[in-house]
Every structure is written in structure tokens, then in C-alpha cells.
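Enquirer: Pasting in a structure now, in C-alpha cells, and then I'll have a few things to ask.
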Amino acid sequence: MHDDGVIGRAARTITRWQLPILLLASPLFLFARPSLTPALVLLPLLWLARLRARGHIVPRTALDWPILGLLFMVLASILVTPDLPFSLGKIAGVLYGAALFYAVADLGERPA
């Protein structure tokens, strides 16, 4: 799934730099505030770039099902939390942790 268009090259570049991007953006997720909520858009953008560049959103790992369960429970907690701005820090931290895990796991799939 390597097309040579501008979007394909940009997606490959973003995918190549996803780990440094996530590390630089870590304060936005680890010290999340309601005013920084738009920073959460970074995660789907990185995943879409990986989908375009590699043909999959996340690499397959042995921890896919437990992480999916954790993310499902985060979704459930969003629906029942009495104070979403208060919960935002934990929600952003879990999402960031999953994104960071898959960015590191993706290092093993990089083409030579």
C-alpha cells in the first residue's frame, strides 16, 4: 500500500516519526485539561497515517484483546462519569498509553 502521491509520502513520513511525535506531545496527554481536548485529535490522525502507510491501524500483538478491553471500559466510563472534565486526564492518559504502546510495537514492523 505504498502509493507515491503526496498523501502517501506524508503518511509514511508521519508514520516514521510517530514515536517522537507522541513523545513530544506527551505533556498534552499526561497533564490534560479541558482546554487541551483538541490535542486528542492527534491520536486518530497518527492512526490514519499508519493505515494509509502500512495498511493497518495498529500492528498485531499478543496484548490486542486486553488493550481493546481496557479501551472499551474507558468508553463505558465516559458514558457514566458524572464530571467529564475531571475524568479527562485519566481518559487521555489511557488513550496515550495505548497509542504509545502501538507506536513502539510498530518499530518492529518497519521496512528496512
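What follows draws every value from the coordinates through simple rules; no lab data is involved. Quick caveat, the model's predicted, so the values are computed rather than measured. Cβ placement follows ideal geometry from the backbone for every residue including glycine, while neighbour counts extend to all protein chains displayed.
Enquirer: Of all trypsin sites (Lys or Arg not before Pro) in region 34-93, which ones are in loop regions per DSSP and have a Cβ with at most 15 other Cβ atoms within 10 Å?
Expert: R60
Enquirer: Full extension from F101 to L45: what is 0.36 nm times the residue separation minus their Cα-Cα distance, to one decimal in nm?
Expert: Between F101 and L45, full extension yields an extra 18.5 nm.
Enquirer: Specify the inter-centroid distance of region 44-107 and region 1-39, based on alpha-carbon positions, in whole Å.
Expert: 14 Å
Enquirer: Once you keep just the Cα pairs under 8 angstrom separated by 6 or more residues, what percentage relative contact order results for region 6-109?
Expert: 39 percent
Enquirer: Apply the Karplus parameterisation 6.51 cos²θ - 1.76 cosθ + 1.60, with θ equal to phi minus 60°, to every residue of region 12-22 and state each ³J(HN,Hα) to the nearest whole Hz, in sequence, with x for glycine and proline.
Expert: Going residue by residue, I get 5, 5, 4, 5, 5, 9, 5, 5, x, 4, 5 Hz, with x marking Gly and Pro.
Enquirer: Subtracting the Cα-Cα distance from 0.36 nm times the residue separation, let me have the gained length for L71 to K90 in nm, one decimal.
Expert: 5.7 nm
Enquirer: What are the chymotrypsin sites (Phe, Trp or Tyr not before Pro) within region 4-112 that DSSP puts in a loop, where the Cβ has at most 11 other Cβ atoms within 10 Å?
Expert: In loop regions of region 4-112 (DSSP not H, G, I, E or B), the sparsely surrounded chymotrypsin sites (Phe, Trp or Tyr not before Pro) are F31.
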